[in-house]
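Working notes, beginning with the structure itself.
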Amino acid sequence: MSNKTFDFEEMFRIQEACQQKLSGTTTKTTRHKLKSVHHLNDNGSKLISNPIALIGEYLYSLYDKFLLFYQTKMAQLFPRNEIIFLNQINSSVIGRLTFSDKKDYHTPIHHIHLELWAKTRLGHWVKLSETDTDTEGRFELAFDMSVIHRNRIAKNIRLEIYHTNTHKFNEHTIENTAAFRAERINTLFKTIKIKKADLVGLSYNMGTIPLFYWEYRQDTPLPRVVIKDHDKDAPQKYPQARIDAIVKQFIPVELTTQKHLLKIKEGKSLTIEEIQADYPENLTVAMEKMKPGITRSDEWFAERMVNGMYASTLDKDPENPNGYWLYYHWSSYDHTSQYAFNDISMKFSINNEGYFMPESITLKGPTKPNDTAQSKITLTPNDGQQWEAAKRVARVSGGILTEVDKHFTETHLNTEQYAIAAYRNIRRNPVGSVLFPHLRSVVLINHTADQILIKEDGYINRATALTAKGINKRVYDVLGTLDWKNWQPMKPLSSKHRYAHTANLFYTVLTEYIDEFFVLHEDEITAEWHEIFAFSRDLVEHSVEPFLCKHLQKETNANPKTGKTTNPPNWYTTENRMDLNLQRPIVSDTYKAVSHITTLATLDKNNLEEYSQQLNNLKKACAYIIFNASFGHYWANSKQYDDIGEIRYSSLGIRLGCEPNGVLGDEKDDSIAPDLTIATQMMWWSNMLSKTGYGYIMKNEQGDINPLLIQKLKAKEAEFNALGVDIYNIQSETNI
């Protein structure tokens, strides 16, 4: 521990050297296997390691390969001829598709693709008809009855319902405008058999067919998708390559955690230092080995608060044009007394070179056993040991805030609400090819997070002061501060504000990409505007209520229900936040946080001003969605092992410790640090989140990212490198 000063340039040279060293480290492969991502658990993931089980798994994989081989051969022997057998139209199959939930039963599923197939007794396929449902979910599959009643047709006809959840691009480089075009990939969702004997009249009416399809959960006020059984009814599945990446990258870490948990259970000796040493070296550990005390310095503290995992939004100091405030509020959220959980105010200044420096830290609430909730202490760099401890408390608070607010809510849950609305409604509209690569898999990883991160016995509930009630309230409130309309990235406060400069550079790339895409596809986008209307309607109707804390309500003179104000103070930073000047939409007498993208089912080109505004809304919404699902998630997630990968430096929870100093005691005090179980599980989490990457924009593993976006990022590679960001590490989706 040290409070001596360090030269910024020296600090960055050490950081860069350590990052290069760590980027080359790999974990050893093992003979263990993980069945899927949702089998991960910090109390022990479900691994297959028994030799007999491994043999069984191998035999099962052989069966899968044989089944795929058989299906491939059958498809080759009996290919599906896409030509419709039709001499005349003399009959039809009609019906209507709706969502199955009782609150959603009357909502139509529009523009979903259907096909009618028959099979001969010899196994040959005959295509009878195809269509899409209309805007009311109705369909009519017209066919030639004479084909049905030929003797060679088997007894059952198949109505096949297809859904669209991905697109493919024909090239990875852009040589002409054809590479902009995406092929819509329809995947079989459900098959309904119709008896051949029932098709006797001019029309066969199947009535209303309810589909369990991207349903909203009714047991939570949050916009979440229904997943009852991850293996059976999830609306998507992880690609095998995602599972393979987890197995390759993470199982060695998993085995380390299981070894520690077994030692703890058996009462064997184990220390925090031994736990730390067993895991891969993180950035702060590596830097400390090179220059002791450097990561405990004031310079490093400020650098990570603005450019590290935390990437905090600072407000101006109304009394000092060169001063900025950062505030963490926790006291109004339900929490236990086992951990310190202070409201924290931090003051920063910017020096002549543009670097941030901490000036003071104020802790409100208990800092040691028997303190009252009103206890308050302000510390500065002149306070020696207690100042060093205060920085640790602030780092810990910033860690849980980043995990709950920025990582889980702002990227994971925020992206899920757009994903559900998009997959429910966008099929024909080309905007689907822009959004879907970045929305894929988020509902799957969020379902896993429900089980092991935020539920009552989840990690956050065990490792921090927040109770399950407190977590749920915090998540709801944070989601109520998020809206796409008039959003823009954080404004750089100086030349050294790397996060803000990088965020703006990425956002510029996104907006240019989206603008060009819309120029090429404008006619198709507007022709299928009903899908955008339905997407917007679902999004707003299921969004949470807007939220503004009582302090900001008072300071901004805002409406407590809507957060709307016409006179925000000069010190309040408007970038990277909800626009407080907007009137919030109302649904069933309830204000909603998310703004309408459009309230029009069709667009009128003759009304040029309105037409342009609606298209601009959609472009801005797309940029916001993609930014948070890709870059926003990448930054908060990929840097977690850097900033919470050393137990004594920063954990997600910090215990009150013992009298007389409590949390302001020495860093080596075990009564402050997490207990051994939480400590090793923390290392499990930070490794799992930051070191199991899959789904990168530039790698385009699924072939569904528009080559134009890849090209535009590539053109800015040098500018990203100058800011310390490798574009090949930016993830395309929120999948971990």
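The values are calculated or read from the model by the stated rules, or taken from the named source; none is laboratory data. These numbers come from a predicted model, not from an experiment. Note: ideal-geometry Cβ built from the backbone for every residue, glycine included; neighbour counts use all protein chains shown. Just the protein is used for accessible areas: all its heavy atoms, side chains included, with ligands, DNA and RNA removed. Shrake-Rupley method; radii C 1.70, N 1.55, O 1.52, S 1.80 Å.
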*Square roots of five times the Cα gyration tensor eigenvalues for region 291-411, Å*: 23, 18, 15
_region 604-681: C-alpha pair distances exceeding 14 Å, %_ = 73 percent
*Quick one: accessible area per residue over region 585-736, 1.4 Å probe, rounded to a whole number of Å²?*
33 Å²
*Using a 1.4 Å probe and ignoring any ligands, DNA or RNA, find the accessible area of residue 106 and quote it in Å² to the nearest 10.*
150 Å²
_Most positive-pole-ward Cα, 360, 502, 91, against dipole of the chain from beta carbon charges_ = 91
*For region 398-445 and region 296-372, compute the distance between their C-alpha centroids and round to whole Å.*
29 Å
*Put a dot 7 Å past each Cα toward the Cβ at residue 193 and residue 229; how far apart are the dots in nm?*
2.0 nm
*What is the Cα radius of gyration of region 549-595 over 2.2 N^0.38 Å, N being its residue count?*
1.15
*Sorted by packing (mean other beta-carbon atoms within 10 Å per residue), highest first, where do 195-208, 532-545 land?*
532-545, 195-208
*What is the percent of Cα-Cα separations in the chain that go past 34 Å?*
52 percent
*Antiparallel DSSP beta bridges within the chain, as percent of all bridges there, nearest 5*: 90 percent
*Express the relative contact order of region 605-736 as a whole percentage, based on alpha carbon pairs under 8 Å and six or more residues apart in sequence.*
28 percent
_How long are the semi-axes of the equivalent ellipsoid of region 409-493, defined as square roots of 5 times the Cα gyration tensor eigenvalues? Whole Å, largest first._
28, 18, 11
*Any idea of residue 219's accessible area? Nearest 10 Å², probe 1.4 Å.*
120 Å²
_Ranking request for peptides 419-427, 314-322, 496-504: highest mean number of other beta-carbon atoms within 10 Å first, then the rest in descending order._
419-427, 496-504, 314-322
*Accessible area (Å², per residue) of region 299-378, counting only protein heavy atoms and a probe of 1.4 Å*: 42 Å²
*Filter the trypsin sites (Lys or Arg not before Pro) in region 123-172 down to the DSSP loop ones having no more than 12 other Cβ atoms within 10 Å, then list what survives.*
150, 152
*asked:* Principal axis extents for region 649-736, Cα atoms only, whole Å, descending order, please.
replied: 60, 27, 13
*asked:* Which order do you get for 523, 704, 132 if you rank them by accessible area with a 1.4 Å probe, largest at the top?
replied: 523, 132, 704
_Quick check: at a probe of 1.4 Å, how many percent of the accessible area of the chain sits on carbon and sulfur atoms?_
50 percent
*asked:* Could you tell me the extents of region 457-582's C-alpha atoms along the three principal axes, largest first, rounded to whole Å?
replied: 51, 40, 36
*Give the Rg/Rh ratio for region 584-736, taking Rg as the radius of gyration of the Cα atoms and Rh as the Kirkwood radius, to two decimals.*
1.15
*Check cross-link reach from residue 639 to the lysines: straight Cα distance under 17 Å, and skip same-chain residues fewer than eight apart.*
21, 406, 691
*Mind checking the full-extension length gain between residue 606 and residue 67? Use 0.36 nm per residue of separation minus the Cα-Cα distance, one decimal, nm.*
188.4 nm
_In region 208-289, GluC sites (Glu not before Pro) in a DSSP loop with at most 11 other beta-carbon atoms within 10 Å_ = 266
*In region 647-706, the chymotrypsin sites (Phe, Trp or Tyr not before Pro) that fall in loop regions by DSSP, at most 15 other Cβ within 10 Å*: none
*asked:* Can you report the principal axis dimensions of region 289-357 using only the alpha carbons, biggest first, rounded to whole angstrom?
replied: 42, 40, 17
*Of 529, 661, 380, which is farthest on the positive side of the dipole of the chain, counting Cα position, with +1 on Lys and Arg Cβ, -1 on Asp and Glu Cβ, and the Cα centre as origin?*
529
*Which three semi-axes in whole Å describe the equivalent ellipsoid of region 249-327, each the square root of 5 times a Cα gyration tensor eigenvalue, listed largest first?*
37, 15, 12
_Normalised radius of gyration for region 155-298, please: alpha carbon Rg relative to 2.2 N^0.38 Å, two decimal places._
1.87
_Debye, to nearest 20: dipole size of region 196-252, +1 on Lys, Arg Cβ, -1 on Asp, Glu Cβ_ = 180 debye
*If one computes the Cα centroid of region 232-276 and of region 577-605, what distance in Å separates the two points?*
43 Å
*Quick one: how many Å² of residue 89 are accessible to a 1.4 Å probe, rounded to 10?*
110 Å²
*How large is the charge dipole for the chain, taken about the Cα centre, if only the Cβ atoms of Lys, Arg (+1) and Asp, Glu (-1) carry charge, to the nearest 20 debye?*
2360 debye
